[in-house]
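Colleague: Right, I'll just put the structure down here and ask away after.
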Amino acid sequence: MHSSLLAVSAVRNIRPWGGDRSDILIENGLITAVVPAEDRAPAHGEIDGRGMLALPGLVNAHAHVDKSWWGRPWQSYGGEPGTDGRIRHERARRDELGIPSVETTAQVLEQFARHGTTAMRTHVDVDTGIGLRGIDAVREAVAAYQGALACEIVAFPQDGVLRRPGVLELLADAARAGVEHIGGLDPAGIDRDPVGQIDAIFALADEHGCGLDIHLHDGGSLGAFQFDLILDRTQRLGLQGRVNIAHGFAIVEVDAVRRRDLLHTMAELDVTMTTVAPVRMPQLSVHEFDDAGVRYGLGTDGIRDLWSPYGTGDVMGIAWQHARGGGIVRDEDLRRVVELATSAAAPFAGVERADLTPGSRADVVLVDAENPMDALVRVVPREIVIGAGRVLHG
């Protein structure tokens with residue numbers, strides 16, 4: 001489907017991060033040099049950036065590309081609210097919508113690319129109803145981009161880990177099959193056994209050498225207690241740098257002293273966080289997290305799925321939501337949010353380096369904006385999107 005993605009050898013006459021006009025030279029999917037712009041017409045395989053602002057590719061650090069009804073007729077919201085209610089509703093209706101499948105995933109990936117996403121970490125449902133079928137579908141859909149989209153997969157137990165026999169075995173199968181991470185879900189709220197679930201998934205990660213990415217919606221003191229369990233097991237098993245907490249609502253609900261202590265321990269163990277910047281809750285504090293040294297990334301969560309009709313797949317829109325909801329207005333802080341949505345989040349998708357500098361993966365997004373802050377607050381359209389030196393959009 002994507003056999004004709006144009007390979008690019010140079011992106012000329014652009015302003016990286018709003019700086020001086022420059023040319024970015026590309027070879028084998030990497031940026032080889034950034035030089036002052038030459039006053040000449042681009043040659044074959046080169047792109048004229050027309051003086052546009054250049055940003056690194058957007059990184060979707062928390063996605064669910066296997067379970068959207070994007071591209072299909074409108075689906076009315078149904079079922080019961082709450083995490084468990086949405087799980088039941090999704091299980092009841094996913095088959096009739098072809099979820100999961102290569103086709104449904106391809107629709108989501110197309111939206112991501114159009115909005116400038118060049119790298120992602122996606123959770124893919126694994127349960128006794130679908131086995132590992134979703135992982136196979138996502139891998140096939142991503143493979144069609146021939147490396148232009150970077151992707152890491154989390155085998156995600158959307159229906160719980162312990163409450164349905166057989167799920168732990170499926171997660172082990174997924175780890176053996178090469179997924180980069182295995183997931184967890186509300187060890188207390190869903191499985192009603194926080195110690196049991198956390199011990200089980202940590203044992204799998206330790207045995208198979210993969211990462212952990214745990215959905216944690218439980219808030220308040222119950223959620224904070226599960227933070228403690230996760231941090232304790234990370235230290236005990238030596239899994240520093242391999243554990244992520246997604247959502248983690250409790251971190252913004254506990255008092256400042258408790259939050260400070262949690263962030264300090266997270267930084268020591270390099271336990272990261274991802275947020276989808278929910279509009280109904282306080283946002284993670286850029287300064288608190290940065291000052292503590294805790295890395296975090298932004299993601300779209302599910303888009304147009306059986307959980308919610310909302311979502312467009314635009315990480316910049318999530319970044320706007322995060323900034324606006326957190327009252328961020330100063331230039332340095334607005335720019336920092338753009339970094340969190342781009343270069344700073346690259347490791348969440350397994351990309352070692354993704355900035356507009358030599359040696360980085362050649363992920364470049366061109367927009368008609370004055371500077372990164374302007375691009376964020378106006379959520380400007382992505383004019384041209386390049387992933388690993390290939391044109392994804394524009």
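The values are calculated or read from the model by the stated rules, or taken from the named source; none is laboratory data. Nothing here was measured: the structure is a model prediction, and the numbers come from that model. Note that each Cβ is placed from the backbone with ideal geometry, even for glycine, and that neighbours are counted across all protein chains shown.
Colleague: Could you tell me which of the residues A388, A323, A344 is touching a helix residue (DSSP H, G or I) at 6+ places or on another chain (Cβ under 7 Å) and either charged (D, E, K, R) or surrounded by 17 or more Cβ atoms within 10 Å (Cβ to Cβ) (or both)?
Modeller: A323
Colleague: Taking R280 as meeting all but one of (1) surrounded by fewer than 18 Cβ atoms within 10 Å (Cβ to Cβ); (2) under 30 Å from G116 (Cα atoms); (3) in contact (Cβ under 8 Å) with a residue 24 or more places away in the chain, write down the number of the exception.
Modeller: The number of the failed condition is (3).
Colleague: State which residue is nearest to G359 (Cα to Cα) when the search covers only the stretch 1-50 and only residues that are exposed (fewer than 13 other Cβ atoms within 10 Å of the Cβ) and among the small types (G, A, S).
Modeller: Residue satisfying both the conditions and the ranking: G45.
Colleague: Does V337 satisfy the condition of being buried (at least 24 other Cβ atoms within 10 Å of the Cβ), more than 19 Å from V8 (Cβ to Cβ), touching a residue at least 24 places away in the same chain (Cβ under 8 Å) and β-branched (V, I, T)?
Modeller: Answer is yes for this residue.
Colleague: Looking only at the stretch 245-276, which residues are outside any loop (DSSP other than H, G, I, E, B), of a type outside the set (A, V, I, L, M) and over 23 Å from I318 (Cα atoms)?
Modeller: R258, R259, R260, D261, H264, T265, E268
Colleague: Looking at V377, V365, which is the one that is more than 20 Å from the chain's Cα centre (by Cα), hydrophobic (A, V, I, L, M, F, W, C) and not assigned by TED's automatic domain parsing to the domain that holds M273?
Modeller: So the residue among V377, V365 that is more than 20 Å from the chain's Cα centre (by Cα), hydrophobic (A, V, I, L, M, F, W, C) and not assigned by TED's automatic domain parsing to the domain that holds M273 is V377.
Colleague: Every residue in the stretch 82-105 that is of a type in the set (D, E, K, R) and either in the same structural domain as G387 (by TED's automatic domain parsing) or in a helix (DSSP H, G or I) (or both), please.
Modeller: Hits for the stretch 82-105 are D84, R86, R88, E90, R91, R93, D95, E96, E103.
Colleague: Where in the stretch 106-220 are there strands (runs of 3 or more DSSP E), lying wholly inside it, with at least 1 residues that are under 17 Å from the mean Cα position of the chain (by Cα), of a type outside the set (D, E) and at pLDDT below 95?
Modeller: Strands (runs of 3 or more DSSP E) meeting the threshold: none at all.
Colleague: Let me ask something else about it. Looking at the stretch 327-376, which of the residues that are in contact with a strand residue (DSSP E or B) (Cβ under 9 Å, 6 or more places away or on another chain) and among the basic types (K, R) is farthest from I214 (Cα to Cα)?
Modeller: R361
Colleague: Can you work out which of the residues in the stretch 347-385 that are among the basic types (K, R) and under 26 Å from E152 (Cβ atoms) is surrounded by the fewest Cβ atoms within 10 Å (Cβ to Cβ)?
Modeller: Taking the candidates together, the pick is R353.
Colleague: Further question on the same structure: What single numbered condition from (1) in contact with a Pro (Cβ under 8 Å, 6 or more places away or on another chain); (2) at pLDDT below 95 fails to hold for R91?
Modeller: (1)
Colleague: Let me ask another. Which residues, counting only those in the stretch 146-198, are in contact with a His (Cβ under 6 Å, 6 or more places away or on another chain) and surrounded by fewer than 22 Cβ atoms within 10 Å (Cβ to Cβ)?
Modeller: Correct list: A175 only.
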